[in-house]
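Some notes on the structure that comes next.
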């Protein structure tokens with residue numbers, strides 16, 4: 001699946017769609033102004049003031065400001081919650097099931113994205129995930145991958161694994177993360193990934209729970225994600241967790257081109273600052289598209305950019 005965030009690709013659709021896409025980015029006007037605007041849907045507009053960056057002096061002045069004073073939210077989950085409050089019906093995710101830009105996409109609003117991410121966090125918590133422990137996922141680009149990223153962040157640590165790796169590499173990554181829970185594709189959803197999961201299970205006896213997307217089979221000892229999410233609250237974290245800035249939010253592994261991939265930890269503070277600085281620097285907002293063909297092992301923060309604005 002292709003994640004298009006809030007892109008209205010239909011604006012460019014047609015037989016020659018690709019030839020009519022802009023050759024260079026069209027920068028939003030607020031990049032040249034001190035004050036930008038935030039679309040609040042029917043609630044109106046809210047102005048947000050950002051420092052003007054013209055020279056090194058402006059950079060030095062910006063660096064003297066405490067980072068926490070500039071971040072709208074202290075972590076990605078809170079940023080999504082704020083976005084859902086401000087523009088709940090705005091599209092957060094657009095997914096093309098076939099990869100064809102002319103196909104009808106799946107559209108998920110900020111309201112629904114927050115609700116499903118909250119339910120996912122609550123499912124993980126019910127299965128024993130706690131802060132400091134990791135849930136891993138091995139998925140293609142699909143809505144459940146993003147629910148797992150946000151829900152894993154909120155319940156514990158999320159460990160994203162590139163499904164293109166060899167099964168022995170995947171097993172070592174899960175072992176390094178000490179994951180007891182794995183979210184992955186059911187056989188009918190992605191047969192190749194499921195084959196690798198079977199090899200990983202044989203190597204990791206401590207892998208206690210496997211949650212599947214696209215169906216489940218109790219005889220395989222798996223839990224169907226879509227069958228369980230409805231059992232959990234959509235509006236609050238069952239754990240009551242208050243996320244600390246220096247808590248580990250995620251592990252993202254290196255490429256594995258020179259051997260076993262290594263895990264790189266992300267703190268909630270790091271993700272919040274990366275998302276904010278990139279979003280402000282590039283001028284992303286609630287109507288901005290971020291096309292995403294990246295593997296789910298790439299930094300989750302790249303998919304959070306619009307939620308901070």
Hey, can you rank 230-243, 111-124, 164-177 by average C-beta count inside 10 Å, highest first? 111-124, 164-177, 230-243
Using a 10 Å cut-off on Cβ atoms, rank the peptides 206-217, 256-267 from the highest mean neighbour count down. 206-217, 256-267
Roughly how many nanometres apart are two label points built 7 Å out from the Cα toward the Cβ at residue 254 and residue 69? 3.8 nm
Highest mean first, what order results for 194-202, 54-62 on Cβ atoms within 10 Å? 194-202, 54-62
Under the 7 Å Cα-to-Cβ spin-label approximation, residue 192 and residue 219 lie apart by a distance in nanometres of 2.7 nm
Antiparallel DSSP bridges in region 91-308: what percent, to the nearest 5? 30 percent
Quick calc, residue 168 & residue 231: beta-carbon distance into FRET formula, R0 35 Å, rounding 0.05, result 0.50
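We did not get these values from a lab; they are worked out from the coordinates using the rules stated. Just so you know, these numbers come straight off a predicted model, no measurement behind them. FYI the Cβ positions are ideal-geometry reconstructions off the backbone, even for glycines, and counts take in every protein chain you see.
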